[in-house]
Structures are given as C-alpha cells and as structure tokens.
Amino acid sequence: MSFQDLKRSRSGFDTLQKSLETSGGNNTQKSYVDDRFWKIEMDKSGNGFAEIRFLPAPNGEDMPWVQYWDHGFQGPGGWYIEKSLTTLTKNDPVSDYNSELWNTGIESNKDIARKQKRRLHYVSNIYVVSDPAHPENEGKVFLYRFGKKIFEMLKDKMQPAFEDETPVNPFDLWEGASFKVKVRKVDGFWNYDKSEFTSPKPLFEDEDQLEATWNSQHSLAGVIAPDQFKSYDELKEKLDRVLGLAVATGTASSRSDDLTDVAQPSPMPTVNETDIPFAETDGNSMSYFEKLANDV
C-alpha cells in the first residue's frame, strides 16, 4: 500500500472501532534495552510528562497496535520474565501451572497463581512530539508499549460514551490528536489518570513529512511473531528452575506434588488461568521487571 492509498482509505476507522470489541483483552535471550522502544522518564518527584502522537498501521500491516501477554515474577531460582504462548493461542506452562494451583481451591495456592498471573501489553508506533527529559527523542518514531489504562483512553477517544463528544481516530495522521502522557506516583504505582488528548489536527501540514514519518515506522507484526517466543519445553524448564520445581536429578517433579498437600472437601470446578482475577500492568512496569531480571 502506498502513502496515497493510506490517505484515500481512511475509512478504516470503522474497522478499528470493531476491533476494540475483540481486543482483550523469543528463542534468543534479549537485553531489556531495545532502542526501538520509547518510554517516559520520571523526575526526582516521581512525575513524568511527554507528548506523543499515535501512528497508523505500518505499511503492509492491518492494525495500528498489537497486543501480547507475558509473565513477570520472582521465585527462589531467580526471575521469570517471558512472553506467554497464550498470545499465539497456544498452551503456556505458567498458565497451565496457575490453573492447577487455582483449581485446588486452596486460598494460599490461589494467591500464588494471582502473583504469577499473565499481564496484558499493547504496542503501537508513536511519533515523539515533546520529551523534556530526553529532547533527543523529539521528532523520531518509536515503538511504545503501554497497558490497559492507556488503551482504554484510546478506546474512549474512538468510541466516546457521551453524545456531545465526536469520535476521533487518534491514529490518523491528518485528523488524529496528540496524547499528553502525564504520569504520577500514587501509592507506589504509576498513575496515568491525568493524561489527555489534544484537539485533533494534522501531525504536519507538509505531505512529504507525513509520508516520511509513516514510512519510518517499525513492524508491529514482528513484535508478536512466533520466533519472538520460546518453546513450551524451554519455558517449562525455566519455570521449574525459577520456582524450584525440579528434583535434584534435574528432571521435573510431578506438578501434583508441588501443590500444597491439603485434602479438598469436595471436587472443585476447573478454572482456566484466563479467569483468574489480576491487576494489569503498564509498559514501564514491564521495563522495570526486565531490568531486575537482567541485573541478577
């Protein structure tokens, strides 16, 4: 698809709105530092500010965002920071183990499952309009990883709840709107409630500059390509090592032996890990956990 095709076919906003209805909700070990990704930096008081513009789907791709699940937790054998194979609609060893824990009906096991629950992340291309902490990022295109809170803000912009609000496609180069990322530390967690969109306007008036920006985007499909996920056996080996579930000989012990040995009064209904309550995390949390995992 050419840049002119993009401009002519902007009716795709309807497709994005429909996709909101269904949005849920690597073989090589990589460093947590990936220069393709942008993240906001907090000041000494724990606040952060920047202005970004979400960009349309990259050339050859259908959607301006992708989503994936991961797990991030620490056990006696270190940190487990890995993408979940459930992203690819495959079985994942952590999800399987969490389901086993949950289905015991034992509250202490449920607490363990909650702490190991998978986390949802979204990734989009962005253009950095203003980044006071790192002005060298301004005018550049990055990938941006964010959580459910910001995704809900995007959704509300595209599908406003009130009749006096006009739907806006924040990913549109011509009629989209910049996003002011405002982060505060609230009760020890990053809070994005004060973030907001500006009034809609073209990212640039110059068409050549718009086209150059669009052409400089990173692949989103590559973020969730199968080769970005480890195999089930690799993940299971790491899970057993991190949680200390392997016997001395190095072979995996029976999962039933790893659960708390308490008799159940009656059979419990089985529950998949996807049904276990949990708190979403944001992209900055992901970077933080990855840093911890690589520092140990």
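The values are calculated or read from the model by the stated rules, or taken from the named source; none is laboratory data. As the structure is a computational prediction, the values presented were derived from the model and not from experiment. All Cβ positions, glycine included, derive from the backbone under ideal geometry; neighbour counts span all protein chains shown.
Figures for the structure shown
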| item | result |
| --- | --- |
| Yes/no for Pro200 being farther than 20 Å from Val66 by Cα, surrounded by fewer than 19 Cβ atoms within 10 Å (Cβ to Cβ) and in contact with a Ser or Thr (Cβ under 9 Å, 6 or more places away or on another chain) | yes |
| Subset tally (residues that are out of contact with any Asp or Glu (no Cβ under 9 Å at 6 or more places or on another chain), over 10 Å from Gly46 (Cα atoms) and not aliphatic (A, V, I, L, M)) for the stretch 175-188 | 3 |
| Number of the exception - Tyr122 against (1) touching an Asp or Glu at 6+ places or on another chain (Cβ under 7 Å); (2) part of a strand (DSSP E or B); (3) over 23 Å from Gly75 (Cβ atoms); (4) not β-branched (Val, Ile, Thr) | (1) |
| Among residues of the stretch 156-191, those that are over 23 Å from Ala133 (Cα atoms), surrounded by fewer than 13 Cβ atoms within 10 Å (Cβ to Cβ) and aromatic (Phe, Trp, Tyr), counted | 1 |
| Identity of the residue in the stretch 203-243, farther than 14 Å from Ile126 by Cα and polar (S, T, N, Q), that ends up surrounded by the most Cβ atoms within 10 Å (Cβ to Cβ) | Gln228 |
| Residue count for the stretch 124-159, restricted to those that are closer than 14 Å to Phe13 by Cα and in contact with a Pro (Cβ under 9 Å, 6 or more places away or on another chain) | 4 |
| Test: Asn125 is surrounded by fewer than 21 Cβ atoms within 10 Å (Cβ to Cβ), out of contact with any helix residue (DSSP H, G or I) (no Cβ under 6 Å at 6 or more places or on another chain) and at negative phi | no |
| Qualifying positions in the stretch 72-90 - over 17 Å from Gln228 (Cβ atoms), assigned to a loop (DSSP other than H, G, I, E, B) and under 20 Å from the mean Cα position of the chain (by Cα) | none |
| Test: residue in the stretch 244-253 that is modelled with pLDDT under 95, at positive phi and under 22 Å from the mean Cα position of the chain (by Cα) | no |
| Selection within the stretch 145-171 - small (Gly, Ala, Ser) and in contact with a helix residue (DSSP H, G or I) (Cβ under 7 Å, 6 or more places away or on another chain) | Gly147 |
| Qualifying residue in the stretch 200-212 (condition: within 30 Å of Leu85 (Cα to Cα), small (Gly, Ala, Ser) and modelled with pLDDT of 95 or more) | no |
